[in-house]
Amino acid sequence: MSKHIKKIKRDIFLIKYRKLPLLEYEKETDSDIFYYPECNYIYWIKLEKDNPQKLITEFIKLLDLFEFKKFIFLGSINKPWISKITKKRKDYKPLIKTLKYFSYIKVNNKFNGGIEIDKDYIKDFLENFYTITRCDSGFFDYYFSDINQNILFYLHYSGEFKILPLTDDVNDKFLEIIKKTNFVDALRNESDTDRI
């Protein structure tokens, strides 16, 4: 594997990076236990028209405006990145291509850890990440951040991004640079959603 895309065991990742959301099921109480970092801002953004290639290109533009150099990814639930069902699918060419990509970077149906990736490799990664997000309903809980954990990103299968700035300064910067992209407010009707 390239030094630009690094797999990190889940337990090491959780010690090293502490601001990504986590979810665990507790049998005794028959309930889900959530961990979410303190966050005062939540935005949902999208493009006017659904276009997967343009979506990722425009998002890369947003990341460039932030000047981030590295990113981290983790599923909030302790499960493999590639489900057994998805691994067996042969009915959708983009998904087959995505599975080859994940196999190439050695992310398989046993790997449940985090990924650290350099900015120069994020475009291909995000294109494949989005494909699996749209094709596998179990791939719904993956968040990512810049390496310094200033902001959280979540890519929904619908093509909307959830943006969670974790500081006032990053929130101000986000509100400034989002105007330089083609993203618009997704106008989600959730009470805790802020508007751009």
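The values are calculated or read from the model by the stated rules, or taken from the named source; none is laboratory data. Bear in mind the structure is a predicted one, so any value in this text is a computation, not a measurement. All Cβ positions, even for glycine, are placed from backbone atoms using ideal geometry, and neighbour counts span all protein chains on display. The area values use the complete protein model at the heavy-atom level, side chains included, leaving out ligands, DNA and RNA. Shrake-Rupley method; radii C 1.70, N 1.55, O 1.52, S 1.80 Å.
Some notes on this structure:
- Rg/Rh for segment 72-161, where both radii come from Cα atoms and Rh is the Kirkwood radius: 0.93
- Glu176 contributes an accessible area of around 110 Å² to the protein surface, as traced by a 1.4 Å probe with all chains present.
- Applying 1/(1 + (r/R0)^6) with R0 = 22 Å to the Cβ-Cβ distance of Ile42 and Asn78 gives a FRET efficiency near 0.35.
- Solvent accessible area, Å² - Tyr25, 1.4 Å probe, full protein context: 120
- Each residue of the chain gets 134 Å³ once the volume of the Cα convex hull is shared out per residue.
- Helix-only [θ]222 nm of the chain, DSSP H runs n ≥ 4, -39500 (n - 2.57) each, per residue, nearest 500: -9500 deg cm²/dmol
- Each Cα pair under 8 Å and six or more residues apart adds its sequence gap; the mean of these over the residue count of the chain is a relative contact order of 34 percent.
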